[in-house]
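Okay, so here's the structure we're looking at.
No lab work stands behind these numbers, since they all come straight from the coordinates. Because the structure is predicted, anything quoted here is derived from the model rather than measured. Neighbour counts run over all protein chains shown; Cβ positions are idealised from the backbone, glycine included.
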Amino acid sequence: MPDITLPLTNLTEVNLMAVEQKYRDIVRNATMAAGAIGVPGAFSFGADVAAMTGIWATMIVSISQKSGHKVDKVFATKLASGVLAGVGAYVGGSKIAMKLLHLIPGFGSLAAIGVNSTLNALFTYKLGHAISNLFNKGSFDTSDITNTVTILLTLVVGLPTFDELSDLISMIGVTA
């Protein structure tokens with residue numbers, strides 16, 4: 001049975017590649033949807049997490065189909081939930097920050113919406129970036145959800161690099 005385990009050098013290589021052209025529409029659409037759901041999500045933690053799980057699961061299934069890997073909606077939902085749980089401390093901290101921002105009259109809610117939308121979009125891009133490159137670079141075994149989540153967390157968590165930000169900006173069509 002194939003294994004998704006990749007040597008650390010390959011993980012670094014996977015993380016440095018831009019999202020391949022054949023996946024860009026999928027990742028862009030999911031990133032835009034995640035950013036948009038950040039508006040109401042800034043007011044409801046549960047709704048935000050549920051919507052993000054759905055967006056990520058849909059993106060994972062779409063990327064897997066495009067790459068020729070067989071991944072169903074159940075596996076993709078478990079994978080998305082696992083990654084969300086893995087970044088739970090960060091997500092929890094950001095949600096506490098959202099609540100604190102809401103305490104500032106007027107500006108606080110706008111700031112909370114902006115921060116939540118940006119974080120949703122950034123994490124979605126990073127997950128799409130990681131999963132699309134991972135599907136292209138390595139073998140993939142859907143029976144090993146724990147190993148898959150661990151590898152994806154390695155690629156998703158952390159500050160974005162300049163190259164990732166440049167790729168994200170070019171993908172969603174933002175011009176200076």
Original post:
What's the extension gain from residue 44 to residue 118 if we count 0.36 nm per residue and subtract their Cα-Cα distance?
Top reply: 25.1 nm
Original post:
What spacing in nm lies between the two simple spin-label points modelled at residue 103 and residue 162, each 7 Å away from Cα in the Cβ direction?
Top reply: 3.8
Original post:
How do 83, 71 rank when sorted from fewest to most other Cβ atoms within 10 Å of their own Cβ?
Top reply: 71, 83
Subject >> Set of segment 55-78 residues, backbone N closer than 14 Å to the point 7 Å along the Cα-Cβ line of residue 20 >> reply: 63-70
Original post:
Using 7 Å Cα-to-Cβ label points, what is the residue 72/residue 172 separation (nm, one decimal)?
Top reply: 3.4
**OP:** Run down the lysines and flag those whose C-alpha is under 30 Å from the C-alpha of residue 95, throwing out any fewer than 8 positions away in its chain.
**Re:** 73, 78, 126
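Hey, fewest Cβ within 10 Å first, where do 39, 61 land in order?
Working: 39 15, 61 21.
Ordered by Cβ neighbours within 10 Å, fewest first: 39, 61.
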Original post:
Can you put 129, 102 in order, fewest other beta carbons within 10 Å first?
Top reply: 102, 129
